[in-house]
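> I have a structure I would like to understand better, so I am pasting it below and will then ask my questions one at a time.
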Amino acid sequence: MFAPQEESLTRAELDRLQRRRLAELLEVVCRQNPFYRRRLDGVRFDPARDPLDVLPVTMRADLQDDQAAHPPYGSNLSFPIQDYTRLHQTSGSSAAAPLRWLDTRAGWDWWKKCWGVVYAGCGVTPADRIVFPFSFGPFVGFWSAFEAAQMRGNLCLAAGGMTSLARLQYLLTNEATVVCCTPTYALHLAQLARREGLDLPASAVRALIVAGEPGGNVPAVRSAIEQGWGARVFDHAGMTEMGAWGFEPEEAPGGLHVIESEFIAEVRDADGQRVPAGESGELILTNLGRTGSPLIRYRTGDIVRPAAEAVRAGRWFLRLEGGILGRADDMLIVRGNNLFPAALEDVVRAEPGVLEYRYQICRDGPRSDLRLIVEPSEGVDAEELCERIGERIRARFHFRPSVVLAGPDGLERFELKARRRLPDASG
């Protein structure tokens, strides 16, 4: 499993480790991975000396085209199909078709190794009881988190096939100390607990590890979860096709550290140039331990802001301030203003009277406006709530949306990734 001393390697030592492991990966994929053998044909690259951008980037569209041309799993497979033991697929929460992804036994062990880093960074010990309140399916979700926790000796509480209320009673009865779920579902469980008279802050839960959405590092969302649970929130980031790549250290909240012993990270602008510390760009990742189905220089679509490269809390791993700021393909343009859904959520969740919400872009010729649909808490003055939200958005983003109300329980709740954007409207 993970060697904690890897976090204490100097920048130069980390670079040497990454280069060595990249060379080992390329030796395999250039010989026996059809997808990368085609992509790297004719590319001259010395892993010990050449800059990484000599290698071509890989995009999601490349993977989708490959899976369409070589169904059902594509040609990004370094070993015979009988060597693969796990199948997962992306959640399909975007307009793109889901990607199917295979792992060998060694690749799945690497997933669990990465989750071991996440747990260690969050201060989770083998004495913790961890509850997983979601239905297990082909989406990778917290599958690797569950099995990594088992390997570490934790009592793992699977809570699939239950209602949300049953899950709350289950985690309370079994005195769970850590919860793994999405930020949206953590908020929903806290709201449900209040409605049912369950005292979550008095429970044994001391930490929530959240993933699947940027909410763990959205200040208003984090605050609402921590108040509702009386527990610390830890952000985590990963992708089905990439692996579990980011964690929030216990001693340094407000950002994500890339597990650089297992991933090479680049942050680049739209022209492909590296961005300096403090500026935002797209995260490009290379995984170093998933040899059976690797990704080399993969454009994640995640917008991040690298911190200055300096020791922080004894860690040299690259820190991304504020975690994932948004998705390149999710940016909203309203009356000439650019904003990411995570920034919008930070404003909406700052109002404690909001249970759920949706948003929609309304177009009238070249003009675009934002429409918010808000489900208020019981006993809240709904008209005042809409007015306050409208004013908050105007003050922060310099435009005022239309804010309308949904009825009680009028908006769907989500276990996994929330889908809050409604189809655009015209007229």
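> Would you work out if the range 211-277 is rounded, prolate or oblate? Take a ≥ b ≥ c from the square roots of the eigenvalues of the alpha-carbon gyration tensor; rounded if a/c is under 1.5, else prolate when a/b is larger than b/c, oblate otherwise.
prolate
> Would you list the membrane-span-like helices of the chain, meaning whole DSSP H runs whose alpha-carbon atoms span at least 30 Å along their axis and whose mean Kyte-Doolittle value is at least -1.0?
TM-like helix candidates: 11-32.
> When ranked by the protection proxy of mean other Cβ atoms within 10 Å per residue, highest first, what sequence do the peptides 23-33, 260-270 form?
Packing order, densest peptide first, comes out as 260-270, 23-33.
> May I pose another question? Under a crude label model (7 Å from the Cα following the beta-carbon direction), how far is His70 from Arg367 in nanometres?
Modelled inter-label distance: 5.2 nm.
> With N set to the number of residues, divide the alpha-carbon radius of gyration of the range 331-426 by 2.2 N^0.38 Å and report two decimals.
1.04
> Another one. Ignoring everything except DSSP H segments at least 4 long, calculate the 222 nm mean residue ellipticity for the chain; use -39,500 (n - 2.57) per segment, divide by total residues, nearest 500.
After summing the helix terms and dividing by the residues of the chain, the value is -9000 deg cm²/dmol.
> Among the DSSP beta bridges whose two residues both lie in the range 331-426, what percent are antiparallel, rounded to the nearest 5?
65 percent
> Also, quick follow-up: Using Rg and Dmax of the Cα atoms in Å as the read-out, say which of (1) 21.9, 67; (2) 25.1, 75; (3) 20.8, 64 was calculated from these coordinates.
Correct label is (1).
> Dividing the alpha-carbon radius of gyration of the range 62-198 by 2.2 N^0.38 Å (N being the number of residues), what value is obtained?
1.23
> For the chain, set up a Gaussian network in which alpha carbons nearer than 10 Å are linked by springs, and say which option among Arg39, Arg222, Arg327 fluctuates the most.
Arg39
> Among 278-290, 196-208, how do they line up from the highest to the lowest mean number of other beta-carbon atoms within 10 Å?
Answer by packing, highest mean first, reads 278-290, 196-208.
> Could I have the simple spin-label model distance between Asp269 and Asp329, label points 7 Å from Cα toward Cβ, reported in nm to one decimal?
Spacing of the two 7 Å Cα→Cβ label points: 2.4 nm.
> Given the Cα-Cα distance of Leu17 and Asn337 and 0.36 nm per residue of separation, how much length would full extension add, in nm?
Full-extension gain reported as 110.9 nm.
> So, one more: What ³J(HN,Hα) values, in whole Hz, does the Karplus curve 6.51 cos²θ - 1.76 cosθ + 1.60 give for the range 259-266 when θ = phi - 60°, with x put for Gly and Pro?
6, 6, 6, 10, 9, 9, 10, 10
Computed from the coordinates by the stated procedures, all read-outs in this text should not be read as laboratory data. Because the structure is a prediction, the values reported are computed rather than measured. Counting neighbours? That spans all protein chains shown, and the Cβs are built from the backbone with ideal geometry, glycine included.
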